[in-house]
Amino acid sequence: MLTIEKTLAEIEVLHEKQPLQDHPLFSRIVEGDFNKRQIQEYAKQHSIIPLHNHNYHGPLYVVCPNYKWRARLAEVVYEEGTGRLYSDGVPHNELYMEFCEDLGIPRKEMENVQFCAESIAIGNYYKTICSRNFLEGCSAHMLAGERQGVGWLTTFANQMRKHYGLTDKGAKFWIVHDKADEDHSSIGVELLGEFAKTEDDLRMVIETCRVTLAMSKLFYDGTMRCMDELA
């Protein structure tokens with residue numbers, strides 16, 4: 001019989017098979033393999049997540065059937081929009097804009113990014129799954145998406161400092177998210193205990209995480225392709 005513990009263990013195996021830092025996109029970034037134009041393209045394509053996160057966390061709040069969990073999600077949305085929990089009152093989209101400015105990208109340019117097909121796909125995927133079913137959406141966003149890179153993003157920021165001239169101000173987005181994403185992604189036992197009522201629910205959670213990680217890989221592959229085209 002599939003249990004919550006076995007479900008979380010299977011999800012952990014999925015992450016172990018596809019660690020963020022082992023994808024060529026991220027290993028090449030930390031090795032300093034890209035030029036300035038290429039790393040700017042990374043920042044642009046990646047913005048489909050942080051600059052549009054209200055389209056993902058917001059629907060989760062709306063479809064949540066439990067008022068206590070809605071309160072917790074409200075904190076997440078509040079933090080994303082205000083930064084008053086983890087980032088000294090600087091909204092997370094502003095932190096990302098500061099990261100992009102550190103790389104020499106004007107704000108106007110970030111407001112008019114030409115997203116590749118894979119970036120559009122991951123954005124639409126999260127919009128859809130976070131609007132459809134609370135357990136499914138939380139599994140995708142928190143147990144799969146935000147679980148990637150936890151404990152490693154600070155290293156990522158430090159390597160960006162080393163190779164691409166990132167300042168402390170520009171690195172703050174990644175350091176803040178290392179802490180915030182660990183908080184969001186550690187809800188597994190609570191989430192499944194509250195909302196996964198059947199074995200079919202648990203199987204759906206595992207499959208959702210599998211698909212989300214596959215979509216993430218597609219997103220990273222597409223971003224890296226765009227960067228390589230600028231070499």
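The values are calculated or read from the model by the stated rules, or taken from the named source; none is laboratory data. Quick caveat: nothing in here was measured; it's all calculated off a predicted structure. Here Cβ is always computed from backbone atoms with ideal geometry, including for glycine, and neighbour counts include all displayed protein chains.
Here is a check on your reading of the model: is Cys138 assigned to a helix (DSSP H, G or I) and either closer than 22 Å to Leu25 by Cβ or modelled with pLDDT of 95 or more (or both)? Lay out the reasoning, then the answer.
Details: assigned to a helix (DSSP H, G or I): yes; either closer than 22 Å to Leu25 by Cβ or modelled with pLDDT of 95 or more (or both): no.
Here the answer is no, as Cys138 does not meet what is asked.
Would you mention how many residues in the stretch 109-125 are surrounded by 13 or more Cβ atoms within 10 Å (Cβ to Cβ) and touching a helix residue (DSSP H, G or I) at 6+ places or on another chain (Cβ under 7 Å)?
Qualifying residue count, the stretch 109-125: 10.
Consider the stretch 126-135. How many of its residues are within 12 Å of Thr212 (Cβ to Cβ) and surrounded by 22 or more Cβ atoms within 10 Å (Cβ to Cβ)? Don't jump to the end; show me each part of the working.
Initial filter on the stretch 126-135 (within 12 Å of Thr212 (Cβ to Cβ)): 126, 128-130.
Going one step further and asking which of them are surrounded by 22 or more Cβ atoms within 10 Å (Cβ to Cβ), we end up with 126, 129-130.
Adding up the residues that qualify gives 3.
Check Gly32 against each of (1) of a type in the set (Gly, Ala, Ser); (2) at pLDDT 95 or above; (3) in a helix (DSSP H, G or I) and name the one condition it does not meet.
Every condition holds for Gly32 apart from (3).
Residues that are within 18 Å of Lys44 (Cβ to Cβ), crowded, with 17+ Cβ neighbours inside 10 Å, of a type in the set (A, V, I, L, M) and in contact with an Asp or Glu (Cβ under 6 Å, 6 or more places away or on another chain): does the stretch 164-178 have at least one?
Within the stretch 164-178, one or more residues are within 18 Å of Lys44 (Cβ to Cβ), crowded, with 17+ Cβ neighbours inside 10 Å, of a type in the set (A, V, I, L, M) and in contact with an Asp or Glu (Cβ under 6 Å, 6 or more places away or on another chain).
Of the residues that make up the stretch 3-18, is at least one buried (at least 19 other Cβ atoms within 10 Å of the Cβ) and more than 30 Å from Val189 (Cβ to Cβ)?
No.
Scan the stretch 61-92 residue by residue and report those that are surrounded by fewer than 14 Cβ atoms within 10 Å (Cβ to Cβ) and assigned to a loop (DSSP other than H, G, I, E, B).
Pro65, Asn66, Arg84, Asp88, Gly89
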